Amino acid sequence: MWPRFGIKIGNSTLCIAYVRADGKAEVIANKQGDRVSQACLLWNGDTEIECGLTAKQKMATRPKQAVAHSFQLLQPKESLSEDKLSNALKEVPCEYDKETFVFRMEHTIPADKEDQDDKIVTKELSAVEVTEQLLRAELELARQYHTDTDHAPIAVLSIPSYYPPQAVKLLSDAAKSAGFNVAQVIAEPTAAVLCYKIGEEQLEKPLEKLERQHVLTIKCGGLYSDFALYAVQNGYLMELATFGPFSIGGRQFTEALVQFICEEFKRKYKLDPHESRRSLAKIRTAAANCKHILTTLPSTQLYIDSLMDGVDYNAQMSRARFESLIQPVINNLIQQLGECVERAQQDHPELKRIDDIVLLGATMQIPKLQAAVAARFPDAKLHTSHSADEVVAIGCARQAVYLLDPQQAQLQKADDCVLVEDDLYIWHGNDESNAKLVLSKGSILPAKIKVSLPQSGEGDAIDALASFKLRTGQSEILAHLPDTTPTTDDGLFQLEVEVDWDDKDGNIVPLVRLRCM
């Protein structure tokens, strides 16, 4: 069933991509022409709910009717501690009921007569219901390419790696209610690695030349940042470590610009915007727009109409000045990143180098931040060919292609598997100089491999002829072919080696079977 879709939903933005029958993944633009939609919702006081950019634009003047940054609350109630709620609600414009875990929006209807009181109407939505409303807007975009009215569009969704397992079910339920057929939910950093097809070129190389790649993913979104390290080998992604969330995100970069505007305005006009909530909301909107423009342009004009007491604000902002304002935030993020990588290297001694770096999250598009990451890891390949706020959706869409049965929902973010801890070699007799590599370190079990082994010159006795040795690490195993006299072809044994494992009282025991071809 084509096309298939990948969806990334976060605290600040949403993005949807699709894969056509020819395998090419593309991001779908919304009605405004933006490839990324705003994760904001506005209630009009009656039955209509707006989503996206129009809702965000109206939020500054009608904050009590708007919901934003809600995805951080899409978690089971037992995971929402008092501290987590307090931090999350700093970014939510409307009221939030901590007892019933719902957003409460209010709309004031003016009274018909002067002697009557205004009427206040309310509407309550849970985090799951808000997510459902946002995903319905993405479903409208998907319908441009999915014309089958009898079946729901097949989609793979992403979720932050630090979310609890129960949140996967909540996200899946919201997407199903919105009208999607959820085939799988995967971690955001996993989707980002899939976007760039890292490790797929290994599948075309012979076994002896396969090397493990180490990939670092750096996410800096609207509110939080997190990091993940993967080992890539034989086409498999193995999660080594995850770190976060850390309270370093786009809001810190925006806030640096907000404080600069407030100080400049106060110095020029002797008016303090901190005294007006509406003035601060206007400044934050303008600062966020300025930040996004300066990721691609060297300068921009900052204009805020009637910022305070009828006074406008107008100033030229260059990228150089903006970068000087956000430098302390960048230093903080790079320091946190370095500490996490060092900790991972202590836990995984084989992690001696970083081969690839993948950036995700809109904030990672800031040129100065990308340059800081490149300077911290000069030997790693920095992947920036896709927009950092689109990579997760594209990776999810590509994952949807790999699913054999998309109708069977897979709600686990990852699957456990058994790996080979050391290289596995096999040779005939006692002549180890002719050893052949069967499986390299990190290979997934079970596995079946065909090898050609030279015959050692130890005589023609049947027992000697049928004896082979295998070594992994410091351990050696003597193996015999079962009740068979092996035959050679020009002095070479043609063998099929099957390596499996067994779980005996919690201990993983290797199983090796030989068969003469």
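Here are the numbers for this structure:
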quantity	calculated
Residue list for segment 59-81, restricted to those being more than 26 Å from the chain's Cα centre (by Cα) and in a helix (DSSP H, G or I)	M59, P63, K64, Q65
Selected residue (only one of S70, S79 is in contact (Cβ under 8 Å) with a residue 40 or more places away in the chain, open to solvent by less than 70 Å² (accessible area, probe 1.4 Å) and in contact with a Pro (Cβ under 6 Å, 6 or more places away or on another chain))	S79
Residue list for segment 136-164, restricted to those being touching a Pro at 6+ places or on another chain (Cβ under 9 Å) and either closer than 16 Å to C51 by Cβ or open to solvent by 20 Å² or more (accessible area, probe 1.4 Å) (or both)	L139, A142, R143, Y145, S161, Y162, P164
Per-region count, segment 119-128, residues out of contact with any strand residue (DSSP E or B) (no Cβ under 7 Å at 6 or more places or on another chain) and open to solvent by 80 Å² or more (accessible area, probe 1.4 Å)	0
Segment 462-480 - residue that is more than 12 Å from V512 (Cβ to Cβ) and open to solvent by less than 60 Å² (accessible area, probe 1.4 Å) and, of those, modelled with the lowest pLDDT	A464
Residue check for P328: at pLDDT 95 or above and either open to solvent by 80 Å² or more (accessible area, probe 1.4 Å) or over 29 Å from R376 (Cβ atoms) (or both)	yes
Every residue from segment 334-354 that is part of a loop (DSSP other than H, G, I, E, B) and touching a strand residue (DSSP E or B) at 6+ places or on another chain (Cβ under 7 Å)	H348, L351, R353, I354
Among the residues listed as Q116, Q133, Q184, the single one being of a type in the set (S, T, N, Q), within 27 Å of W43 (Cα to Cα) and open to solvent by less than 70 Å² (accessible area, probe 1.4 Å)	Q133
Residue check, G52 of a type in the set (G, A, S) and at pLDDT below 90	no
Failed item, numbered, when A88 is tested on (1) open to solvent by less than 30 Å² (accessible area, probe 1.4 Å); (2) touching a strand residue (DSSP E or B) at 6+ places or on another chain (Cβ under 9 Å); (3) within 19 Å of D226 (Cβ to Cβ); (4) not in a helix (DSSP H, G or I)	(4)
Test: residue in segment 91-98 that is over 28 Å from R284 (Cβ atoms) and at pLDDT 90 or above	no
Subset of segment 241-265 (residues that are open to solvent by 30 Å² or more (accessible area, probe 1.4 Å) and touching a helix residue (DSSP H, G or I) at 6+ places or on another chain (Cβ under 7 Å))	F246, Q252, F260
Pairs, first within 16 Å of C396 (Cα to Cα) in segment 21-42, second open to solvent by 50 Å² or more (accessible area, probe 1.4 Å) and not hydrophobic (A, V, I, L, M, F, W, C), C-beta under 8 Å, six or more apart	E26/R20; V27/R35; I28/R35; I28/Q144; I28/Y145
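Table: residues versus (1) surrounded by fewer than 21 Cβ atoms within 10 Å (Cβ to Cβ); (2) at pLDDT below 95.
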| residue | (1), (2) |
| --- | --- |
| G338 | yes, no |
| R353 | yes, yes |
| L359 | no, no |
| A375 | yes, no |
| Q399 | no, yes |
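The values are calculated or read from the model by the stated rules, or taken from the named source; none is laboratory data. These numbers were taken from a predicted model, which means no experiment stands behind them. Virtual Cβ from ideal backbone geometry, glycine too; neighbours counted across all protein chains shown. The accessibility values were calculated without ligands, DNA or RNA, using every heavy atom of the protein model including side chains. Shrake-Rupley method; radii C 1.70, N 1.55, O 1.52, S 1.80 Å.
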